[in-house]
Amino acid sequence: MGPVVLSQLYVESYGAGPPVILVHGWGMHGGIWRKFAQQLSDDFQVICVDLPGHGNSDPITPFTLSAVARQLAQQIPVKSACWVGWSLGANVVLELVRNFPAKVSSVVLMAGNPCFAQSGIWPGMAVPDLERFIDNAELDMKRTITRFMALQVRGCEGYRAVLSALNRQLKERPDSDQATLMAGLEVLRTVDQRSVLAHLAVPHLLLLGDQDPIVPIALAQAIDDGSARISYSIVGGAGHLPFLTHESQVIAQFKKFLKEVS
């Protein structure tokens, strides 16, 4: 691997208090968190970041979990924080806590999977479906993202309104870099951080939607090792975007978790 070319990250910050950093998923940007972040900002300093090559952040070469985690650790000015990773963002956060543990006081994995692709009895996205998704993205990225957004809210109450709001939010910032998006899909195809999750030394919350077509709720049982450091929350009726579709429930669970571990 050649040298990593770092670039500037775009962040937005709300409120004051103990720091919470929100890391978005594939094809999105930090603006997707805005309403959620504002709701948390009465009690926390909430930082929303655009991952490299997404939104207003410049691309990074190469886009790998280790390179992205290093950039976040270097450019987000906090000593130790609760890191919240949604979807691909959960994998970024796991990589960050593995390499920069002093930066992390607790972890929330929201609709994230340490091994995204199904592997043996491990619950995940079926490999043929994932491969087909990647092939479609290579052929027509814009159409693939449109379909992906619809998939994330499928089965949720009021999904049309949520999808419309999601589309508006996505258009607020520049389209994600094509090479970055393909690299992100390669991360999801190959990532296996099960050992990282199993050895996390900080408290962590796994938050899943019971209607999520991308990250199955069977994941909670798959990673349950009886550790007191692991907390679980299953959001009834939620798909892949619980912080948008079930904001009040997710915020309540989030605050309860932080109160318990503080």
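Here is how the numbers come out for the structure above:
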quantity: 1 or more residues surrounded by 22 or more Cβ atoms within 10 Å (Cβ to Cβ): qualifying helices (runs of 4 or more DSSP H) within the range 81-183; calculated: 88-99, 127-139, 141-153
quantity: Every pair of residues 6+ apart whose Cβ atoms lie under 7 Å, when the first sits in the range 19-36 and is farther than 21 Å from Lys142 by Cβ and touching a residue at least 24 places away in the same chain (Cβ under 8 Å) while the second is in a helix (DSSP H, G or I) and of a type in the set (Val, Ile, Thr); calculated: Val23/Val92; Val23/Val93
quantity: Enumeration of residues in the range 218-244 that are part of a helix (DSSP H, G or I) and at pLDDT 90 or above; calculated: Ala218, Leu219, Pro242, Phe243, Leu244
quantity: Test: Ser57 is in a loop (DSSP other than H, G, I, E, B), touching an Asp or Glu at 6+ places or on another chain (Cβ under 7 Å) and among the polar types (S, T, N, Q); calculated: yes
quantity: Any chance Gly239 is among the small types (Gly, Ala, Ser) and over 29 Å from Asp42 (Cβ atoms); calculated: no
quantity: Test: residue in the range 196-206 that is of a type outside the set (A, V, I, L, M), under 16 Å from the mean Cα position of the chain (by Cα) and in a loop (DSSP other than H, G, I, E, B); calculated: no
quantity: Hey, Ile251 outside any strand (DSSP E or B) and either of a type in the set (Val, Ile, Thr) or surrounded by 15 or more Cβ atoms within 10 Å (Cβ to Cβ) (or both) or not; calculated: yes
quantity: Ala222 vs. criteria in contact (Cβ under 8 Å) with a residue 40 or more places away in the chain and touching a helix residue (DSSP H, G or I) at 6+ places or on another chain (Cβ under 6 Å); calculated: no
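Per-residue answers, yes or no, for (1) of a type in the set (A, V, I, L, M); (2) without any contact (Cβ under 8 Å) to a residue 40 or more places away in the chain; (3) at positive phi:
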| position | (1), (2), (3) |
| --- | --- |
| Arg160 | no, yes, no |
| Ala165 | yes, no, no |
| Ser176 | no, no, no |
| Val187 | yes, no, no |
| Val191 | yes, no, no |
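The values are calculated or read from the model by the stated rules, or taken from the named source; none is laboratory data. In this text the structure is predicted, and so the values were computed from the model without any measurement. Glycine also receives a Cβ, built like all others from the backbone with ideal geometry; neighbour counts cover every protein chain displayed.
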